[in-house]
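Colleague: Here it is, the structure in full.
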Amino acid sequence: MASRTYGHYCAVAKTLDVVGERWALLVVRELLDGPKRYVDLLGGLAGISTDMLATRLKALEEAGIVSRRTLPAPAASKVYELTPLGRSLQPAVTELARFGMRLLGEQSDDDAFQIHWITPSLRAMFRPERAQALSLTVEFRVGADAMHARIADGALHTCPGHADAPDAVLTCADAATLAEIGRDPAASLTAVSTGRLHVQGSPDAVQATRELFGLDR
C-alpha cells in the first residue's frame, strides 16, 4: 500500500507524513526506552492489534525511524530499536507530554495505564540545570507498579521496576494523582496531606527530588 502524504512542502507536514499515523508516535514512545522485542511492544501498547503494530513498524522502518537487529547469543532475540533519526524525536515527544499533561483529567474505567508511560512526562518536568554534579535514584510507584529514574551528571535515565536502593520513593494512589501533580506542582503538598501521595527518603533526597522535577514551585 502506498503511504499517504499531505503533499505539503512544510517541515511539520513532512514529520506527520512519517509519524502522524495512528499509533506511530506511540511506537516511538515505547522505543525511546530502548530496544524491544515485538511481543514487548505489543504488551506496552495496550489496545493495538498485532496487524496494526506490524504495519506501523514496517512503515517506520521504511522511513528510517526504526531498525531491526538480532541480539547476541545467548539471547538471540530479534529487537526493534530507534535509529539516530528516530532518537532525535525525543525532544518532540517530551514537548507533547508537556502539552498533554494539561489535558489529563480523571482516569476513566476505559483508560489503560502503564507506569512506564510517565517517562515522557518526567522528562518534561525534569530540570537538568538543577542536576549538575548530582547523583540520585528516585523510584516512582503507582499501586503495585514501579519504575525508577537515575539522575547523574545532569542527565535523566529511566528504568522499569524497583530500584535496588532508591534515595527517594514517591508512591501515588493512582495515575490521576500523578497527572494532577504534573499539571500543578503545588498539588503535591495537597496530595501528601490527603494521603494520595507518600514520599519516603532522607530530607536531603526528598528536597532534591522536589527541586529536580519542579515540585518546589
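The values are calculated or read from the model by the stated rules, or taken from the named source; none is laboratory data. Every value quoted in this text rests on a predicted model; they were computed, and no experiment measured them. Note: ideal-geometry Cβ built from the backbone for every residue, glycine included; neighbour counts use all protein chains shown. What goes into the accessible areas is simple: the full protein's heavy atoms, side chains included, and nothing from ligands, DNA or RNA. Shrake-Rupley method; radii C 1.70, N 1.55, O 1.52, S 1.80 Å.
Colleague: Answer with yes or no whether E30 is open to solvent by 60 Å² or more (accessible area, probe 1.4 Å) and either within 27 Å of G214 (Cβ to Cβ) or free of Cβ contacts under 8 Å to residues at least 12 places away in the same chain (or both).
Modeller: Here the answer is no, as E30 does not meet what is asked.
Colleague: With the condition kept exactly as written, say whether any residue in region 152-167 is of a type in the set (V, I, T) and open to solvent by less than 20 Å² (accessible area, probe 1.4 Å).
Modeller: The answer is no, given that none of the residues of region 152-167 is of a type in the set (V, I, T) and open to solvent by less than 20 Å² (accessible area, probe 1.4 Å).
Colleague: When only residues in region 119-166 that are in a loop (DSSP other than H, G, I, E, B), in contact with a strand residue (DSSP E or B) (Cβ under 9 Å, 6 or more places away or on another chain) and touching a residue at least 60 places away in the same chain (Cβ under 8 Å) count, which is farthest from S202 (Cα to Cα)?
Modeller: F126
Colleague: Taking the conditions exactly as written (in a helix (DSSP H, G or I) and closer than 20 Å to D33 by Cβ), does A179 satisfy them or not? Let's see the steps before the verdict.
Modeller: Details: in a helix (DSSP H, G or I): yes; closer than 20 Å to D33 by Cβ: yes.
Spelling it out, A179 is indeed in a helix (DSSP H, G or I) and closer than 20 Å to D33 by Cβ.
Colleague: Quick test of your reading of the structure: L104 fulfils all but one of (1) of a type outside the set (S, T, Y); (2) part of a helix (DSSP H, G or I); (3) surrounded by 15 or more Cβ atoms within 10 Å (Cβ to Cβ). Name the failing condition by number.
Modeller: (2)
Colleague: Looking at the structure I just gave you, is L170 touching a helix residue (DSSP H, G or I) at 6+ places or on another chain (Cβ under 8 Å) and part of a strand (DSSP E or B)?
Modeller: In short, yes.
Colleague: Could you look through region 139-151, keep only residues that are more than 15 Å from the chain's Cα centre (by Cα) and hydrophobic (A, V, I, L, M, F, W, C), and pick out the one that is surrounded by the most Cβ atoms within 10 Å (Cβ to Cβ)? Reasoning before the result, please.
Modeller: In the first step, residues of region 139-151 are kept if they are more than 15 Å from the chain's Cα centre (by Cα); the result is 143-144, 151.
Next cut, hydrophobic (A, V, I, L, M, F, W, C) only: 144, 151.
Numbers: A144: 6, I151: 22.
Within region 139-151, the match that is surrounded by the most Cβ atoms within 10 Å (Cβ to Cβ) is I151.
Colleague: Also, I was wondering about something else. So for region 111-120 (the condition being in contact with a helix residue (DSSP H, G or I) (Cβ under 9 Å, 6 or more places away or on another chain) and over 23 Å from V199 (Cα atoms)), does at least one residue qualify?
Modeller: Yes; the residues of region 111-120 include at least one that is in contact with a helix residue (DSSP H, G or I) (Cβ under 9 Å, 6 or more places away or on another chain) and over 23 Å from V199 (Cα atoms).
Colleague: Right, here's the next one. Could you look through region 63-73, keep only residues that are within 12 Å of V18 (Cα to Cα) and without any contact (Cβ under 8 Å) to a residue 40 or more places away in the chain, and pick out the one that is nearest to the chain's Cα centre (by Cα)?
Modeller: Here the answer is V66.
Colleague: Sticking with this one: Quick check on region 178-217: of everything there that is in contact (Cβ under 8 Å) with a residue 24 or more places away in the chain and of a type in the set (S, T, N, Q), which residue is most open to solvent (accessible area, probe 1.4 Å)?
Modeller: Q200
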